[in-house]
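Rule-based calculations on the coordinates, nothing more; no lab input. Every value quoted in this text rests on a predicted model; they were computed, and no experiment measured them. Ideal geometry is used to build each Cβ from the backbone, glycine not excepted, and the neighbour counts take in all protein chains shown.
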Amino acid sequence: MKIAIAGKGGSGKTTLTATLARLFARRGRQVLAVDADSNPNLAASLGLSAAATPSPVPRDLLVDRTTDDGKRITVLSMPAAEVAARYGAIAPDGVRLLVMGKVAHAGAG
Ligand SMILES: Nc1ncnc2c1ncn2[C@@H]1O[C@H](COP(=O)(O)OP(=O)(O)OP(=O)(O)O)[C@@H](O)[C@H]1O
Ligand SMILES: [Mg+2]
């Protein structure tokens, strides 16, 4: 099951996400929580310390390819499960957290 939580600023998205993630994990579900906010703070809401918060997934995991019929596509350079294992951190109740989407620096475009 995949659940995406989006909505108005300050409406409680991160709080609800962390609560759902931990409750599902407590009930025995395998939970992968993805913080795709450009200003991420799901780690703190899950109960991770700043030191235990994972670094964002590097953007160069995405590579451009051209298919046999000439279409340009963007794909992960490794299986998604490997991305989760390599870049995720384990939060309370066994939730695995991935941080992605953080803005690395200001720039054009
Ligand atoms: N059900 C609730 N009742 C009262 N306060 C709440 C509730 N849920 C969240 N809050 C508080 O509201 C504030 C905003 O919550 P939260 O950070 O989860 O929102 P958000 O939608 O993720 O915000 P942002 O758009 O900045 O990412 C926090 O101070 C949080 O503690
Ligand atoms: Mg938030």
So Gly7, is it on the phi > 0 side of the Ramachandran plot, touching a helix residue (DSSP H, G or I) at 6+ places or on another chain (Cβ under 8 Å) and in contact (Cβ under 8 Å) with a residue 24 or more places away in the chain: no
Which numbered condition trips up Pro58, out of (1) within 13 Å of the chain's Cα centre (by Cα); (2) within 13 Å of ligand 2 (Cβ to nearest atom)? (2)
Restricting attention to region 51-73, does a residue exist that is under 17 Å from Ile3 (Cα atoms) and surrounded by 10 or more Cβ atoms within 10 Å (Cβ to Cβ)? no
I'd like the residue in region 1-24 that is more than 13 Å from ligand 1 (Cβ to nearest atom) and over 16 Å from the mean Cα position of the chain (by Cα) and, out of all such residues, is surrounded by the fewest Cβ atoms within 10 Å (Cβ to Cβ). Leu23
For a quick check of your reading of the model, give me the residue pairs whose first member lies in region 29-55 and is free of Cβ contacts under 8 Å to residues at least 60 places away in the same chain and over 15 Å from Lys102 (Cα atoms), whose second is of a type in the set (A, V, I, L, M) and within 14 Å of ligand 1 (Cβ to nearest atom), with beta-carbon atoms closer than 7 Å and at least 6 apart or on different chains. Ser45/Ala18; Leu46/Ala18; Leu46/Ala21; Leu46/Ala33
Near pairs, Cβ below 6 angstrom, 6+ apart or cross-chain, from region 85-109 (more than 14 Å from Arg29 (Cα to Cα)) to any residue that is exposed (fewer than 10 other Cβ atoms within 10 Å of the Cβ): Gly101/Ser38; Val103/Ser38
